[in-house]
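Reviewing the structure listed below.
The values are calculated or read from the model by the stated rules, or taken from the named source; none is laboratory data. As the structure is a prediction and not an experimental result, all values here were calculated from the model. Because the Cβ atoms are built from the backbone with ideal geometry, glycine has one as well, and the counts that use them run over all protein chains shown.
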Amino acid sequence: MHLTIHNLPTEIVESILVSSLPEVFRPQETHLKLGESFQDFIELKERVRQRAPNATYSGNERLDLMLTCRYWHNILKGSALFWSFLELDTGKTINLHLMANMIQWSGDHPLNLVVTFSKRISPDGLLVPICVLIQKTFRRLRSIAILSPDMDPYAITTALFPTNCPARLPVLEHLYTFGGRLAFTYAPSAIGSIHAPRLKSFMIPYFFSFLWMTLHPESLSRIIRLLLNFYPGPTVDAISLLSQCVNLEALGICGGPDYPVFPQGGTHMYDFRFPRLKCLDITLNRHTGDHEIMNKHFYAPELSTLTLRFEGHCPSVDLSHFFQRHPQIEGLCLCGYTFRFGDITGISPYLSALKRVIFKRCRESTLCVLAFLSRPQSTHFIAPGLQSFEIDQVRDDILDAVILDLIKSRIHLGVKFSIRHVHVAALVQNELERIEKENSGRIELKLFPW
């Protein structure tokens, strides 16, 4: 007896066709890892596509499947699940009528949208109609990612969240944006408030930072992942909203180029206590007030991974009190060429729980490596439980033989090493490659000969 696909139950055919689609970018299922930036996070969308390098993606895969035959057409047109994850791209061949149909076919199923404005469109053209389509899904919209590489983010948000119509999104859990440059000065008062009481993830770069102030206070209490890049620097009101996000588990925050993370003056009124925070990514620069707030007003008893980024002419960073209050940190990434050897020696007594270390774009890389070498005259062995050590993209420097001393002193303890995108002397490279052969799986090398 030979069965064809037409003999199978409709539910099984539907399941087969749904599973045959290329993997959809689902921001709510991705996580920022130690040392990753927001740009890395956005590029996950492309990495998802690259998992099947031999496949071709037109952006219309669902339509292609539905047009294969009448039988598939009838099954898929009636499958709300099939249309519940949609990627709508203004630069692809999908027109406004098809967009409306695809959204309609998702029925009452919770909807997940990735909307890419990859083709410049005017507010008087397709922008407003597209935003109106999205507005009609607000009551069942579970996640939305707005990518606008070629559009003014302010034009998009004023069309999507007009001030005369508060946006009520009762089931929204994830809101992500990524955009180009502002075309003109924006007025936050021209954007309506966003009511999303179930919001869990809110991630915006600095060209969308004005959205943060549009969140209704009821939207803050459930946020567990927050990524904010304030530009041109946050206001006291913006920071006061941050202090209300008491259930945060992951926080990334930056004040913008050459701007403080915390407003200079007035912020001391707030104590930033995040009892569930496990991952913190913060950018520091020349504003020493940020260092003081980190030392005196920031407390996260469950913090396990910390990424410190240093921009501009950052002074010597004294965060010893912060690390003294957070001795449980297991993952530490230090990123930026202004980071100095003295900065790590000041915090080294409080790194006993450290398991993973990453240096990215550090200028004094040799001295930073030296800080992790045990000294015979000292009883303190920095990070005795260290499990992995990474150096990536050294700035204006050459990694000398001190890295060999570190590897030889730690590799027998089970520590894994990763050395990528760095310049090394020929003799050091030869020795590293020899150690790599003798310790398979313990060292990852991607070197540039000096």
Quiz item: Looking at Gln264, Gln244, which one is part of a loop (DSSP other than H, G, I, E, B), of a type in the set (S, T, N, Q) and at pLDDT below 85?
Solution: Gln264
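Quick one: count up the residues across the range 140-177 that are of a type in the set (D, E, K, R) and in a loop (DSSP other than H, G, I, E, B). Talk me through it step by step, then tell me what you get.
Restricting attention to the range 140-177, the residues satisfying the condition of being of a type in the set (D, E, K, R) are 140, 142, 150, 152, 168, 173.
Right, trim to in a loop (DSSP other than H, G, I, E, B) and you get 150, 152, 173.
Number of matching residues: 3.
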Practice problem: From the list Ile347, Ile358, Ile411, pick out the single residue that is closer than 27 Å to His297 by Cβ and at pLDDT 85 or above. | Solution: Ile358
Quiz item: Is there any pair linking a residue in the range 53-76 that is more than 15 Å from Glu87 (Cα to Cα) and part of a loop (DSSP other than H, G, I, E, B) to one that is modelled with pLDDT under 70 and among the aliphatic types (A, V, I, L, M), with Cβ under 9 Å and at least six apart or on different chains, and which?
Solution: none
Quiz item: Identify, please: which residue in the range 387-404 is modelled with pLDDT under 70, of a type in the set (A, V, I, L, M, F, W, C) and buried (at least 16 other Cβ atoms within 10 Å of the Cβ) and is, among those, nearest to Ile329 (Cα to Cα)?
Solution: Val394
Practice problem: Go through the range 99-127 residue by residue and tally those that are modelled with pLDDT under 85, in a loop (DSSP other than H, G, I, E, B) and touching a helix residue (DSSP H, G or I) at 6+ places or on another chain (Cβ under 8 Å). | Solution: 2
Quiz prompt | Selection status of Phe381, at pLDDT 60 or above and surrounded by fewer than 19 Cβ atoms within 10 Å (Cβ to Cβ) | solution = yes
